[in-house]
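Undergrad: I'd like to ask some things about the structure below.
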Amino acid sequence: MDRKFVFASLIYAVIGMSLGIFMAASQNHGQMVTHAHIMLAGFVVSFIYALCHKLWLGSSDNSLKQIQFYVHQIGVAVMSLGLFLLYGDLILPEAIEPILAVSSFFVLSGMIMMIILFIKSAKATQQA
Ligand code: HEM
């Protein structure tokens with residue numbers, strides 16, 4: 001699971017930096033919020049989850065680990081696309097805001113699931 005998170009994290013970094021370079025080159029910083037969320041929720045948080053798996057959660061695979069991975073990735077992908085459309089004035093705010101709200105709960109749920117994985121791995125370590 002750690003490798004999947006690292007790979008996703010690096011893909012987000014390339015997308016986010018490309019948007020950053022586009023903003024800098026065009027001198028249109030309208031997508032700053034989108035860039036910031038791709039870099040922080042996509043690149044940084046995904047990399048932190050990779051480290052959690054590598055350093056503490058161990059390599060044993062379970063369904064909650066799979067669900068947590070996809071919940072976070074779906075949340076960040078929908079949030080990034082939604083923010084791009086919103087800050088690019090490519091969609092009406094009232095049309096995208098409910099979708100952005102749901103995506104943010106996905107990202108929050110991914111974080112709560114990571115806490116549960118941590119608690120479960122601590123219990124498993126104690127019993128071992
Ligand atoms: C190729 C590298 C990058 C370029 C060209 C770039 C470009 C930009 C630009 C043009 C802005 C808007 C600045 C403004 O209008 O005030 C910005 C904001 C931001 N960038 Fe980047 N960026 C890069 C890498 C990163 C990285 C690696 C991160 C974090 C991991 C990051 C996080 C942010 C954040 C949080 C903001 C918002 C700052 C604020 O709210 O004032 N960026 N970036």
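The values are calculated or read from the model by the stated rules, or taken from the named source; none is laboratory data. Just so you know, these numbers come straight off a predicted model, no measurement behind them. Glycine also receives a Cβ, built like all others from the backbone with ideal geometry; neighbour counts cover every protein chain displayed. Surface accessibility is based on the protein's heavy atoms, side chains included, excluding ligands, DNA and RNA. Shrake-Rupley method; radii C 1.70, N 1.55, O 1.52, S 1.80 Å.
Undergrad: Quick one: count up the residues across region 41-62 that are free of Cβ contacts under 8 Å to residues at least 60 places away in the same chain, under 13 Å from Lys120 (Cα atoms), in a helix (DSSP H, G or I) and open to solvent by 50 Å² or more (accessible area, probe 1.4 Å).
TA: Within region 41-62, residues that are free of Cβ contacts under 8 Å to residues at least 60 places away in the same chain, under 13 Å from Lys120 (Cα atoms), in a helix (DSSP H, G or I) and open to solvent by 50 Å² or more (accessible area, probe 1.4 Å) number 0.
Undergrad: Could you grab me the full set of residues in region 8-31 that are of a type in the set (A, V, I, L, M, F, W, C), without any contact (Cβ under 8 Å) to a residue 12 or more places away in the chain and near the ligand (Cβ under 9 Å from one of its atoms)?
TA: If the condition is that a residue be of a type in the set (A, V, I, L, M, F, W, C), without any contact (Cβ under 8 Å) to a residue 12 or more places away in the chain and near the ligand (Cβ under 9 Å from one of its atoms), then Ile21, Phe22, Ala24, Ala25 are the ones that fit.
Undergrad: Only one of these conditions is not met by Leu92: (1) out of contact with any helix residue (DSSP H, G or I) (no Cβ under 8 Å at 6 or more places or on another chain); (2) under 16 Å from Leu10 (Cα atoms). Which number is it?
TA: So Leu92 meets the others, but not (2).
Undergrad: Could you go through region 10-31 and let me know if any residue there is within 30 Å of Ala128 (Cα to Cα), over 10 Å from the mean Cα position of the chain (by Cα), β-branched (Val, Ile, Thr) and part of a helix (DSSP H, G or I).
TA: First pass over region 10-31, keeping only residues within 30 Å of Ala128 (Cα to Cα): none.
There is no residue in region 10-31 that is within 30 Å of Ala128 (Cα to Cα), over 10 Å from the mean Cα position of the chain (by Cα), β-branched (Val, Ile, Thr) and part of a helix (DSSP H, G or I).
Undergrad: Looking at region 41-61, is at least one residue modelled with pLDDT under 95, away from the ligand (no atom under 16 Å from the Cβ) and among the aliphatic types (A, V, I, L, M)?
TA: yes
Undergrad: Could I ask something else about it? When the residues of region 81-128 are narrowed to those that are modelled with pLDDT under 95 and of a type in the set (Gly, Ala, Ser), which ends up least open to solvent (accessible area, probe 1.4 Å)?
TA: Ranking the candidates gives Ser121 first.
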